[in-house]
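Just so it is clear, none of the values below were taken in a lab; they were calculated from the coordinates. In this text, all values refer to a predicted model and were calculated from it rather than measured experimentally. Reconstructed Cβ throughout: ideal geometry from the backbone, glycine too, with neighbour counts over all protein chains shown.
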Amino acid sequence: MNSHPRVFATAATCAPDEMAAPVAGPELSVVVPTLNEADNIVILYDALCRALVGINWEMILVDDDSRDDTVAVARTLAARDRRVRCLRRIGRRGLAGAVVEGMLSSSAFAVAVIDADMQHDEQLLPQMLSELRSGADLAIGSRHVDGGQAIGGFSQLRSMASNAATQVARGVLGVHVLDPMSGFFAIRRGTAEVIAPRLSTQGFKVLLDVIVSADHPLKIVELPYVFRLRQRGRSKLDSSVVWDFAGLLLAKASGDRISARFLAFGLVGLSGLAVHLVVLNVLMSGAMLRFDAAQILAAFSAMTWNFAANNAFTYRDLRLSGLDWVRGLLTFYAVCSIGALANVGVASWVYGNDANWWVAGAAGALMGAVFNYAVTASVTWRRA
């Protein structure tokens, strides 16, 4: 049999008149994570055009499969301006993951992260880039240095929560910057490349993760800006941000020995244990069921609670809905049924030797925790 060498076309094989003139890449990539921000995309684009005159830049929109026209608007812009790109993520959610993917898609000297809602001051971007050119690793748009302000863009409650989170982060993780909760910053792309493998893809506090995940102290500059009021669209922040922040805080405090997702799964499991014990007590003392029967019903009550809570918080970036929610619950039952069998067997054995219902119930409920986490992560909330 004759073998034929494979021929690959390269630039060197093209005739000179067929070769397009090389175009220099951008010096600054502006990463914009989006979710249902169709009303703001053109406004932000126009603002960047005004702010970045004289700078070779690009705009990378990373969209979490928006249900409005965000992607269509981005594609229209990209069709008439090659500086605009859109990465559409399917089956993946979360601001942190979007930012990481956006940074890793860049080949520029610097990468800036800015929200699409126009609350960040795009006029600060040239100064951020200048600081990086001068040797800084990271330039932060800060609301808490002299000249910065956050009052206009925050409700009083959100302002208090942000300040509290800042103090906790600085105290627990030893972060010395004044605004580690800022979502507006610029970083050398080479620095981001090195840190990226250690970053969490869940949650909102990307900057805090960047600072504490660096393997050496970064040269950081904080620049003041006024945090503006959102004019269009709805904020994506909700109560689950507290879970994300707590998970990130504990993971980084442990030196990333335990993942933020596992910690969240564990916290949900503890709440499920409380549900299990309450239901068990009610069924035994109120409904007068035998322990074995009450333990089975309590176990399935706790599994239902754990699935719903994990779907809402632990796996919010992979959150199931509609028929997928039902299918997910059934797979969760199936996976956890092995743990449930061990649960009932161990609990019955303990109860037979010591007729103390809560000790027996707790012993059984704790049996399958690690197994449930490992298997449901790959079966119930597997990535598409």
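Ala312 to Ala374: FRET efficiency via 1/(1 + (r/R0)^6), r the Cβ-Cβ distance, R0 22 Å, to the nearest 0.05?
Details: r = 21 Å, r/R0 = 0.93.
The formula returns an efficiency of 0.60 here.
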Gain in span if fully extended, Trp349 to Ala72, counting 0.36 nm per residue against the direct Cα distance: 93.6 nm
Karplus-derived 3J(HN,Hα) from phi for segment 290-298 (6.51 cos²θ - 1.76 cosθ + 1.60, θ = phi - 60°), whole Hz, x at Gly and Pro, runs 5, 4, 4, 5, 5, 5, 5, 5, 5
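Using just the alpha carbons, could you tell me how many Å³ per residue the convex hull of segment 260-379 encloses? Please report the intermediate quantities before stating the final value.
Details: hull volume 11.0 nm³, N = 120.
It comes to 92 Å³ per residue, whole-number rounded.
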Just to verify a number: FRET efficiency for Ile338 and Ile90, C-beta to C-beta distance, R0 = 41 Å, to 0.05? 0.85
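Could you list Ile140, Ile195, Ile43 in order of exposure, starting from the residue whose Cβ has the fewest other Cβ atoms within 10 Å? Please report the intermediate quantities before stating the final value.
Working: Ile140 27, Ile195 22, Ile43 15.
Fewest-to-most Cβ neighbours within 10 Å comes out as Ile43, Ile195, Ile140.
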Exposure proxy check: Phe185, Phe300 ranked by fewest other beta carbons within 10 Å? Phe300, Phe185
At q = 0.17, 0.30 Å⁻¹, what is the log10 ratio I(q)/I(0) for segment 115-154, with the Debye formula run over Cα points and no solvent? -0.52, -1.11
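Please rank Leu61, Leu124, Leu297, fewest neighbouring Cβ atoms within 10 Å first, as an exposure proxy. Intermediate results must be reported in sequence, preceding the final value.
On the way: Leu61 29, Leu124 21, Leu297 16.
The fewest-first ordering by Cβ neighbours comes to Leu297, Leu124, Leu61.
May I ask you to compute the full-extension gain from Leu323 to Leu104, defined as 0.36 nm times their residue separation minus their alpha-carbon distance, rounded to one decimal in nm? If you can, show how the numbers build up before the last one.
Values: separation 219, 0.36 × 219 = 78.84 nm, distance 3.39 nm.
Stretched fully, the Leu323-Leu104 segment lengthens by 75.4 nm.
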Efficiency by 1/(1 + (r/R0)^6): what FRET value for Cys49 and Asp215, r their Cβ-Cβ distance, R0 = 30 Å, to the nearest 0.05? 0.25
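Cβ neighbours within 10 Å, averaged per peptide: list 346-352, 215-221 in order, most packed at the top.
Ranked by mean Cβ neighbours within 10 Å, highest first: 346-352, 215-221.
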